[in-house]
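Below is one structure, written out as structure tokens; the observations come after it.
The values are calculated or read from the model by the stated rules, or taken from the named source; none is laboratory data. Everything quoted here is computed from the prediction, not taken from an experiment. Glycine gets a Cβ as well: all are built from the backbone with ideal geometry, and neighbour counts include every protein chain shown. Just the protein is used for accessible areas: all its heavy atoms, side chains included, with ligands, DNA and RNA removed. Shrake-Rupley method; radii C 1.70, N 1.55, O 1.52, S 1.80 Å.
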Amino acid sequence: MSTLGRNVLRCSALTVCEAFFFCIPLPAQDQDQSVVRVDVNLVMVDATIKAKSGQIMGNLKKDDFELREDGVAQKIEVFSRDELPLTVALVLDLSDSIGPFLGPLRDAATTALAALKPEDEVALFTFSTEAELRVPFTNNKTAIANEFNTFHAGGATNINDGIFVAAKQLLPIPPKTRRVIILISDDVGTDAGGQGTRDIVTEVIAADAALYNLKIPGYNPPATLFAASMVPGLVNIRKVMDQTGGEIFDVQDLAHLDSAFSALIERIKTRYTLGYYTTATAAAGKPHKLDLRLTASFGKKGRDYMVLAKSGYYVH
């Protein structure tokens, strides 16, 4: 178990209707089989802050933030930016429409992944009709990029299982890193797979990951686009991103692929990480709302600046 003097309590997205939570259980000998126990816990929140203009606010200090749990101000005990290592799951679309992009994607990945720190780890997953792990988590980013040369596009577009399988692989990793899933796809799903949006949101949050989307144009004839719009149960990618604190990076054409991929990597590197100790326990049985904002001198949240972060948790 990874600790910072106390157990780590990871928080989830919270909406009006639903919320999910993942915590680190005590060792097996200390567990009651029906109850997840927690001690005094550290709640961790990753966030990106954007100014009204859309520019990233990259020079904020701990004292610039206010963090509330259920309306009660919390003392921020942990504050960092690009200090904790990253664990990145690349999820690559290998359906027919992506074929022309595989070569350029390899080159873009080589450049973008090189910007990660030596201790950051990356794994590579692919999906078409089925999803699978191609390269387990490794520090060797060059090996990840080179693997793109071995792929051939073909089959359906099962985005649902692509995201779900990556989250499932992240789930057992000790909670000592910041986790990110990067979906590389044209987002035109043609197969809903075995998991729906709710299951995918649950799994991504349980893995304490944020979903980012490198959306590439793809080559889809009108008939394919129409057929995709009629498939029931396709994952709502926007909903998964919103509930996990991720973002979309839209690639307009091949000329902008390299810069978009590099910008995405830079974004995930420089998110703020904040933490506070909570007295919430598994016995609480109620949702806990998180409100992360800047101090009043920065203006009003949602009007003068935007916070991209998970918004709450509850303890099962």
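Quick check: is even one residue across the range 202-212 more than 12 Å from the chain's Cα centre (by Cα), hydrophobic (A, V, I, L, M, F, W, C) and within 26 Å of LEU183 (Cα to Cα)?
no
Can you confirm whether TYR212 is among the aromatic types (Phe, Trp, Tyr), part of a strand (DSSP E or B) and out of contact with any His (no Cβ under 6 Å at 6 or more places or on another chain)?
Values: among the aromatic types (Phe, Trp, Tyr): yes; part of a strand (DSSP E or B): yes; out of contact with any His (no Cβ under 6 Å at 6 or more places or on another chain): yes.
Yes: the conditions hold for TYR212.
If I filter the range 104-118 for residues that are over 18 Å from the mean Cα position of the chain (by Cα), assigned to a strand (DSSP E or B), among the aliphatic types (A, V, I, L, M) and surrounded by 13 or more Cβ atoms within 10 Å (Cβ to Cβ), do I get at least one hit?
no
Do we have THR224 as closer than 30 Å to PRO104 by Cα and not aliphatic (A, V, I, L, M) here? So that I can check it myself, show each step before the final result.
Numbers: closer than 30 Å to PRO104 by Cα: yes; not aliphatic (A, V, I, L, M): yes.
When the stated conditions are applied, THR224 passes them.
Which ones in the range 180-207 are open to solvent by 10 Å² or more (accessible area, probe 1.4 Å) and either in a strand (DSSP E or B) or of a type in the set (Asp, Glu) (or both)?
Answer for the range 180-207, where residues must be open to solvent by 10 Å² or more (accessible area, probe 1.4 Å) and either in a strand (DSSP E or B) or of a type in the set (Asp, Glu) (or both): ASP187, ASP191, ASP199, GLU203.
Does the range 213-268 hold any residues that are open to solvent by 60 Å² or more (accessible area, probe 1.4 Å), within 17 Å of PRO100 (Cβ to Cβ) and touching a residue at least 40 places away in the same chain (Cβ under 8 Å), and which are they?
Of everything in the range 213-268, those that are open to solvent by 60 Å² or more (accessible area, probe 1.4 Å), within 17 Å of PRO100 (Cβ to Cβ) and touching a residue at least 40 places away in the same chain (Cβ under 8 Å) turn out to be TYR219, LEU254, ASP258.
Residue check, VAL122 against (1) in contact with a Pro (Cβ under 8 Å, 6 or more places away or on another chain); (2) open to solvent by less than 10 Å² (accessible area, probe 1.4 Å), all met but one. Which one?
The failed condition is (1).
Determine if the range 93-100 includes at least one residue that is closer than 30 Å to THR224 by Cα, open to solvent by 40 Å² or more (accessible area, probe 1.4 Å) and assigned to a helix (DSSP H, G or I). It would help to see each step written out before you state the result.
Step one: filter the range 93-100 for residues closer than 30 Å to THR224 by Cα, giving 93-100.
Narrowing the set further to residues that are open to solvent by 40 Å² or more (accessible area, probe 1.4 Å) leaves 96, 100.
Keeping just the survivors that are assigned to a helix (DSSP H, G or I) gives 96, 100.
There is at least one residue in the range 93-100 that is closer than 30 Å to THR224 by Cα, open to solvent by 40 Å² or more (accessible area, probe 1.4 Å) and assigned to a helix (DSSP H, G or I).
Among the residues in the range 144-159, are any open to solvent by 50 Å² or more (accessible area, probe 1.4 Å), outside any strand (DSSP E or B) and of a type outside the set (S, T, N, Q)?
Filtering the range 144-159 for residues open to solvent by 50 Å² or more (accessible area, probe 1.4 Å) gives 146-147, 149-150, 152.
Subset that is outside any strand (DSSP E or B): 146-147, 149-150, 152.
With the extra rule that they be of a type outside the set (S, T, N, Q), the set shrinks to 147, 152.
Scanning the range 144-159, I find at least one residue that is open to solvent by 50 Å² or more (accessible area, probe 1.4 Å), outside any strand (DSSP E or B) and of a type outside the set (S, T, N, Q), so the answer is yes.
Kindly indicate whether THR138 is surrounded by fewer than 24 Cβ atoms within 10 Å (Cβ to Cβ), over 14 Å from ILE237 (Cβ atoms), of a type in the set (S, T, N, Q) and in contact with a strand residue (DSSP E or B) (Cβ under 7 Å, 6 or more places away or on another chain). So that I can check it myself, show each step before the final result.
Numbers: surrounded by fewer than 24 Cβ atoms within 10 Å (Cβ to Cβ): yes; over 14 Å from ILE237 (Cβ atoms): yes; of a type in the set (S, T, N, Q): yes; in contact with a strand residue (DSSP E or B) (Cβ under 7 Å, 6 or more places away or on another chain): yes.
Criteria met by THR138.
How many of the residues making up the range 178-217 are at positive phi and in contact with a Lys or Arg (Cβ under 6 Å, 6 or more places away or on another chain)?
Step one: list which residues in the range 178-217 are at positive phi, which gives 187, 193, 208.
Checking the rest, the ones that are also in contact with a Lys or Arg (Cβ under 6 Å, 6 or more places away or on another chain) come to 187, 208.
Within the range 178-217, residues that are at positive phi and in contact with a Lys or Arg (Cβ under 6 Å, 6 or more places away or on another chain) number 2.
Of the numbered conditions (1) under 24 Å from ALA309 (Cβ atoms); (2) under 18 Å from the mean Cα position of the chain (by Cα); (3) at pLDDT 90 or above; (4) open to solvent by 40 Å² or more (accessible area, probe 1.4 Å), LEU133 satisfies every one except a single condition; which is it?
Evaluating LEU133 over (1) under 24 Å from ALA309 (Cβ atoms); (2) under 18 Å from the mean Cα position of the chain (by Cα); (3) at pLDDT 90 or above; (4) open to solvent by 40 Å² or more (accessible area, probe 1.4 Å) leaves (1) as the failure.
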